[in-house]
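Here's the structure, in structure tokens; my notes come after.
Each value in this text was obtained by applying a stated rule to the coordinates, not by laboratory testing. Source: prediction; values computed, not measured. In this analysis, Cβ positions are derived from the backbone assuming ideal geometry, glycine residues included, and neighbour counts consider all displayed protein chains.
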């Protein structure tokens, strides 16, 4: 298509004309590939459970084993997100404000949970926290059983969500001007007061975003959890594993029903957190 | 601080009003280091320590055994198909989104990001619902003797789904930032669309593209949950490296499991190293979200 030809294109209502070629082709391929790989398969997930009917669906997802698995997946993900919020704030603070040897290496290492395959993380955590493992043995001496309990699930989900809070906070923290902190100090605020009243409110929206990302990732996590969880029904069995078990029993509709509830509930929680984040950002 | 010696003589500079108390500094650094060591360093060390527990020979034997080699081959094949397809998609999608204005653009970007918020297990499940024995197209596929689930095509599809957004989400902000002036200049001078893309756009985005491919590939080779659902775990046939690790681990062959795992851990470390290198040296040529 020539430049003149492109200019002569009538400007349709839904798009402004451009001098560049390839709009139809690139958007067409984008939509085709998106539909084939993502949208149509997801539609199958959403449609499938309804062959059970509404009452069948409700019965499926309120079965004690399903409810226990959902509670564990969402509960442990929430605990992991809270742990990551506290320690993520500390790690981000130390990485941005202080200098120490090997700082760049530590900074690069924060992304490890993104890069390390989940199955690898899973067997590593499991062997560390197993009763005869490096950490499992001392913990057991203290009377804490980590592996093969819900605590193990929390450990795995904390690992997997670790980078999110740090990476969301870092840019906000380094862009934060020190003027307000200085002003607070001049006006007689202690360091702790300056942090609580000045720095923390500025970080809060990013903190919520990071926690939401860590939570969303943890809810659906499978690979790093199943080795350390022990997978006891009603006790340490996560929802994604239950989907696989149902699939192995050829209960496609049941598996899809659990999947739909997982997606629906995480969507609602993320919507709430987004709303909270927007509210906090507006308050400032 | 005692009043006996003047603080200004002890400290080279008085502490700035925005500097933390030295004690707080030490405590926070220790807390951060403890968390990093416990959750990142220790698991990483454990992988290599367990792999080499019985010596290098045992680790090498575990990696070169036929089932392990077959798993390595399967992982490479899946990545070699899925990554280029997602690169092609990423390039076309970011061309359409960054070089043209149309309604519904931000909704389209949201849809492209969708696979990131879907559980890996669900990413595999959706293809079983379509192509599995009791899926929508299951009977038809069986009648025509086409195997997708429990075979390579299923593994490739699941890998494509989980790595779908990587390249696009890196390139869309980058190409939007770069605008369209250079491309418009090239076309007005008579370059064809393809020439413009190859000679103008591609050189501008090469580091961002490499960054996206790097992350896409790391995830493709390491994916476990999604592939686990569609693979069927047929040893020596449809097991990828992460699945082979699972089989070995559940078989109590810990040294072998960690030996194969250490290969994937090395891949992760190389990925992190290259990624960090790109962030340091080409910060302006990769998407702004990664700068810190």
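Averaging over all projection directions, the Cα-based convex hull of the stretch A:41-124 occupies 8.9 nm² in the image plane. The value for chain A of Rg(Cα) / (2.2 N^0.38 Å) is 1.28.
When B:144, B:21, B:233, B:244 are arranged by Cβ crowding within 10 Å, least crowded first, meaning fewest neighbours, the order is B:144, B:21, B:233, B:244. Each residue, residue A:31 and residue A:196, gets one label point 7 Å from its Cα in the Cβ direction; the gap between the two is 5.6 nm. Given in Å, the Rg to one decimal and the Dmax to the nearest whole number for the Cα atoms of chain B are 25.0, 93.
Here the peptides B:260-270, A:54-64 are ranked by packing, the mean other Cβ count within 10 Å, and the order with the highest first is B:260-270, A:54-64.
GNM on chain A, alpha-carbon springs under 10 angstrom: the most fluctuating residue among A:203, A:135, A:25 is A:25.
Rg over Rh of the stretch B:156-292, using C-alpha atoms and the Kirkwood radius, what does it come to?
Rounded to two decimals, Rg over Rh is 1.13.
Cβ-Cβ distance of residue B:233 and residue A:272, R₀ of 30 Å, FRET efficiency by 1/(1 + (r/R0)^6): the value works out to about 0.20.
Spatially, the stretch B:216-239 and the stretch A:60-102 are offset by 26 Å when compared through their Cα centroids. The Rg/Rh ratio for the protein assembly as shown is 1.00, where Rg is the radius of gyration of the alpha carbons and Rh is the Kirkwood radius.
Per residue of peptide A:34-47, the mean number of Cβ atoms on other chains within 10 Å of the residue Cβ is 6.
Annotation for residue B:26 and residue A:178: the two label points, set 7 Å from Cα along the Cα-Cβ direction, are 2.2 nm apart.
Here the sum of -39500 (n - 2.57) over DSSP H runs of 4 or more residues, divided by the residues of chain A, equals -23000 deg cm²/dmol at 222 nm, to the nearest 500.
For the stretch A:203-284, the fraction of C-alpha pairs more than 22 angstrom apart is 40%.
Using only helices, what value at 222 nm comes out for chain B when you add -39,500 (n - 2.57) per DSSP H run of length 4 or more and divide by the total residues, to the nearest 500 deg cm²/dmol?
Helix contribution divided over all residues of chain B: -22000 deg cm²/dmol.
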